[in-house]
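The values are calculated or read from the model by the stated rules, or taken from the named source; none is laboratory data. Values in this document were obtained by computation on a predicted structure and should not be read as measured data. With ideal geometry, Cβ positions are generated from the backbone for all residues, glycine too; neighbour counts draw on all protein chains shown.
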Amino acid sequence: MLIQFNVIFYKAHLARRKYLQLFFTYFLAIIGVMGLSGCVSTDRAQSILADESRLSSTPLIPRSDLFGYQKYSALKLSPDGKQVVYKKLFNGVLNLWVGPANNPEYAKPVTSFMRAPKRFSWSVDGKFLLILEDIIGKEMEQLWSVNLESGVLKNLTNDTTVRTEIIKISKKYPTKVLVSINERDGRFHDVFLIDIATGERKEVFRNDGHFIGFYADSDLKVRLGVHGNEDGSSTYIRLGEKKRTELMTVPLAALRSTKILSLSDNGILTLLDSINSEYSNLVTIDMATGKRTLVAEAIEADIDAVFYDKKSKALWATREDPIVPKWTIRSPEAANEFAALEKTFGTSFSIVGQPNNKKLLILQSLNGKPERYHWWDRDTKTATLIFSTRPNLEKHTLAQRKPVMIPTRDGLSLPSYLTLPPGTPLNAEGFPVKAIPLVVIIHGGLWLRSNLRFNDVNYWLADRGYAALSINYRGSVGFGKSFTSAADKQWAGDMHNDVIDSVDWAIEKGITVRDKVASYGRSYGGYASLTSLTFTPDRFQCSVAMVGPSNLQRLIADMPDWWRYQYPQWVNRVGDPNDPESAIDLMDRSPITRVADIEGRLLLMATGDDPRVLMRQSESLVGAMDALGKPVTYLLYEKEGHNAYPAEVVISLRAVTEHFLADCLGNAAEPFGSDLERSDMEVKAGGHLIKGLPEALKATGEKRFSKPHISNDIYN
């Protein structure tokens with residue numbers, strides 16, 4: 001249907017006057033594929049290469065310290081509180097280490113994956129680790145188990161063409177795990193019971209109802225199925241009874257702020273829920289009767305964490321993050337404890353473990369410091385440092401991040417974070433006395449958010465002399481469902497206006513000036529960075545766009561099977577490529593249609609194994625830019641996917657990026673050194689546009705230059 005429709009759409013699209021430019025762009029892209037080396041004139045290239053002044057005479061924090069692997073991360077307690085597991089380097093890759101809780105530094109490696117494990121948990125008896133690991137980099141996560149006594153690592157899925165999700169583990173069945181696997185149909189998962197030790201698998205629920213998610217009780221019986229509806233809502237259906245009945249429907253507006261936390265033995269669901277409220281509240285629902293009970297009402301933002309005291313089983317506190325995290329006391333017994341916790345850690349802490357009634361495991365997020373793990377003694381109200389997640393950064397001076405609220409032209413406020421170079425002279429408002437270059441950081445997602453937790457990109461840019469502004473544009477989650485819904489059908493519309501309003505705010509505050517602004521983003525942020533150059537070319541000197549779509553129609557149509565459970569959300573929030581009017585609108589909001597308008601410089605990064613934003617999104621854009629003589633540097637990491645890059649990839653990408661920004665905005669850059677040697681980065685176009693890049697790549701001794709495989713695939 002999509003291909004047939006595209007012929008009609010193509011004619012209608014070009015009939016509109018402004019899309020004559022699109023036709024011209026693609027005509028030039030086809031005839032210009034072979035001339036990529038001529039992206040800019042020789043005079044301009046020589047000018048770019050001429051200036052050596054950006055190499056700073058003052059010490060910069062090495063990229064290896066900023067972006068190298070964390071020494072310790074993702075610390076988790078065993079069910080009995082006697083052991084810990086965390087990620088640490090082993091054979092050059094982050095792997096899992098297990099050791100005694102009272103001496104975590106004595107842990108030993110228990111895995112030797114070639115890609116860092118993404119998600120893992122303990123079995124209920126603490127004898128196994130359960131790991132969801134994608135060994136091929138295409139988001140096909142397999143379920144693995146590690147027998148901690150024998151050291152045996154077993155792939156319980158044993159099929160790299162399917163995805164596995166853990167549904168439930170239970171104290172009643174310590175050797176079993178309930179999972180869903182999309183083996184029979186890539187779009188929908190069936191439910192299996194797997195023996196953790198032997199790998200024996202038994203199908204226990206055939207997904208004949210096209211459910212997109214499941215919840216089970218402690219008997220490992222599937223009790224709820226989630227059905228995705230055409231309008232983007234989700235309906236929760238009671239299962240395991242003679243007749244399937246509806247429990248509740250979560251409308252699209254509340255979908256991103258509603259999450260089930262647990263299902264008790266007596267059929268009580270505990271969830272974060274915004275169905276009947278602006279913010280996400282803590283609620284319980286009786287599955288038998290459907291009765292909904294408000295447990296804790298949010299105050300300023302969505303509740304994002306809850307703390308139940310292990311001894312009393314009572315709710316003690318909830319946390320919200322309107323811009324700075326805030327804990328709200330929900331029990332009189334909690335007042336003294338949380339007063340002591342906040343006195344020691346501030347409010348930016350997470351309770352990540354509760355081994356017994358005497359101790360808590362705390363992850364502290366400090367402004368301008370790496371995150372740190374502590375033991376908290378509940379009797380003495382004192383903290384003991386376990387370790388810093390990044391001890392190599394403790395010796396450096398990192399910038400402070402300043403929470404700011406940015407007004408928009410239509411009356412919203414954007415919770416955002418400004419990071420300035422350490423030692424910047426400030427005025428009474430806390431802004432620079434003298435304007436400095438600005439990099440606007442647009443987070444990916446899009447239904448995610450920026451917060452005050454450790455952010456290496458912000459600290460890196462500030463160290464290089466930039467003002468780094470991380471914005472929560474409309475569509476970001478955590479600030480109420482109205483704020484999220486305000487982004488519906490607003491890609492390159494009001495969402496982009498939020499970016500422009502943020503830049504104007506920074507100019508008004510004297511933080512920067514109009515001709516010293518760059519945009520930076522990955523995934524949706526990559527798209528928004530492309531939008532910066534194509535929709536408002538006079539506002540940005542350059543942009544960095546990583547794995548960002550240039551063609552929205554193609555992005556939605558190309559969704560992989562396992563991701564299509566989100567298709568109704570995208571159709572209703574972004575646009576429908578199969579609807580003629582909506583398809584035109586999607587193309588109108590696509591950067592690929594406005595290449596001729598680009599004035600600034602672009603650094604584009606794509607990955608070869610990305611199943612979400614296919615490589616051709618970047619290849620087509622580069623072809624169009626080349627045909628029109630637009631400067632672009634295009635980097636490809638052939639073996640990487642959409643998320644979770646190895647440190648050597650991140651370091652090489654940051655090295656090129658900071659030299660690109662130095663050429664564009666004039667600030668400091670650390671010499672390339674050997675930072676390009678360990679990655680598989682290829683420069684597919686425009687390497688000569690970044691001063692020193694050809695020489696740095698040549699020094700690696702490997703072939704690093706090639707041309708894109710460009711095809712005119714916009715309509716078929």
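Of note:
- Looking only at residues in the range 355-368 that are without any contact (Cβ under 8 Å) to a residue 60 or more places away in the chain and buried (at least 19 other Cβ atoms within 10 Å of the Cβ), the one that is farthest from TYR72 (Cα to Cα) is LEU360.
- All conditions in (1) more than 17 Å from ARG115 (Cβ to Cβ); (2) surrounded by fewer than 22 Cβ atoms within 10 Å (Cβ to Cβ); (3) under 27 Å from the mean Cα position of the chain (by Cα); (4) at pLDDT 95 or above hold for VAL656, with the sole exception of (2).
- Exclusive hit being within 30 Å of LYS509 (Cβ to Cβ), without any contact (Cβ under 8 Å) to a residue 12 or more places away in the chain and not basic (Lys, Arg), set PRO425, PRO415: PRO425
- Restricting GLY548, GLY575, GLY525 to those that are surrounded by 23 or more Cβ atoms within 10 Å (Cβ to Cβ), closer than 30 Å to THR235 by Cα and in the same structural domain as ARG654 (by TED's automatic domain parsing) reduces the list to GLY575.
- Test set (1) at negative phi; (2) under 19 Å from the mean Cα position of the chain (by Cα) - ASP498 fails condition number: (2)
- Against the numbered list (1) touching a Pro at 6+ places or on another chain (Cβ under 8 Å); (2) on the phi > 0 side of the Ramachandran plot; (3) not aliphatic (A, V, I, L, M), ASP231 comes up short only at (2).
- When the range 578-605 is limited to residues that are within 19 Å of GLN541 (Cα to Cα) and of a type in the set (Gly, Ala, Ser), the one that is surrounded by the fewest Cβ atoms within 10 Å (Cβ to Cβ) turns out to be ALA596.
- When the range 522-542 is filtered for residues that are more than 17 Å from VAL613 (Cβ to Cβ) and basic (Lys, Arg), only ARG539 remains.
- Residue check, SER277 in a loop (DSSP other than H, G, I, E, B), small (Gly, Ala, Ser) and surrounded by fewer than 19 Cβ atoms within 10 Å (Cβ to Cβ): yes
- Applying the set (1) touching a residue at least 60 places away in the same chain (Cβ under 8 Å); (2) aliphatic (A, V, I, L, M); (3) not in a loop (DSSP other than H, G, I, E, B) to LEU697 leaves exactly one unmet item: (1).
- Candidate set from the range 384-395 (those that are surrounded by fewer than 19 Cβ atoms within 10 Å (Cβ to Cβ) and either within 23 Å of the chain's Cα centre (by Cα) or not basic (Lys, Arg) (or both)); member that is nearest to TYR86 (Cα to Cα): PHE387
- Applying the set (1) surrounded by fewer than 19 Cβ atoms within 10 Å (Cβ to Cβ); (2) under 23 Å from the mean Cα position of the chain (by Cα); (3) of a type outside the set (Ser, Thr, Tyr) to ASN427 leaves exactly one unmet item: (2).
- Residue in the range 670-677 that is assigned to a helix (DSSP H, G or I), farther than 25 Å from VAL440 by Cα, modelled with pLDDT of 95 or more and not β-branched (Val, Ile, Thr) present: no
- Candidate set from the range 577-593 (those that are of a type in the set (S, T, N, Q) and not in a helix (DSSP H, G or I)); member that is modelled with the highest pLDDT: SER590
- For the range 292-313, the criterion of being surrounded by 14 or more Cβ atoms within 10 Å (Cβ to Cβ), closer than 30 Å to THR235 by Cβ, of a type in the set (Lys, Arg) and modelled with pLDDT of 95 or more is met by at least one residue.
- Total residues in the range 159-199, condition more than 18 Å from ILE135 (Cβ to Cβ) and part of a loop (DSSP other than H, G, I, E, B): 7
- Count - residues of the range 131-172 that are closer than 24 Å to TYR645 by Cβ and buried (at least 19 other Cβ atoms within 10 Å of the Cβ): 14
- Boolean, GLY692 is in contact with a Phe, Trp or Tyr (Cβ under 7 Å, 6 or more places away or on another chain), at positive phi and either touching a residue at least 40 places away in the same chain (Cβ under 8 Å) or not charged (D, E, K, R) (or both): yes
- Being more than 25 Å from GLN70 (Cα to Cα), modelled with pLDDT under 95 and crowded, with 17+ Cβ neighbours inside 10 Å is a property that does not hold for LEU693.
- Matching residues, the range 66-112, being surrounded by fewer than 16 Cβ atoms within 10 Å (Cβ to Cβ), within 17 Å of SER388 (Cα to Cα) and charged (D, E, K, R): GLU105
- Those residues of the range 254-273 which are of a type in the set (A, V, I, L, M) and either surrounded by fewer than 18 Cβ atoms within 10 Å (Cβ to Cβ) or in a loop (DSSP other than H, G, I, E, B) (or both), in sequence order: ILE260, LEU261, ILE268
- Selection count, the range 280-290, where residues are in a loop (DSSP other than H, G, I, E, B) and hydroxyl-bearing (Ser, Thr, Tyr): 2
- Every residue from the range 127-168 that is out of contact with any Leu (no Cβ under 8 Å at 6 or more places or on another chain), touching a residue at least 40 places away in the same chain (Cβ under 8 Å) and small (Gly, Ala, Ser): GLY137, GLY151
- Identity of the residue in the range 73-116, part of a loop (DSSP other than H, G, I, E, B) and in contact with a Lys or Arg (Cβ under 7 Å, 6 or more places away or on another chain), that ends up nearest to TRP144 (Cα to Cα): ALA116
- Of all residues making up the range 666-689, the number that are touching a Phe, Trp or Tyr at 6+ places or on another chain (Cβ under 7 Å) and hydrophobic (A, V, I, L, M, F, W, C): 3
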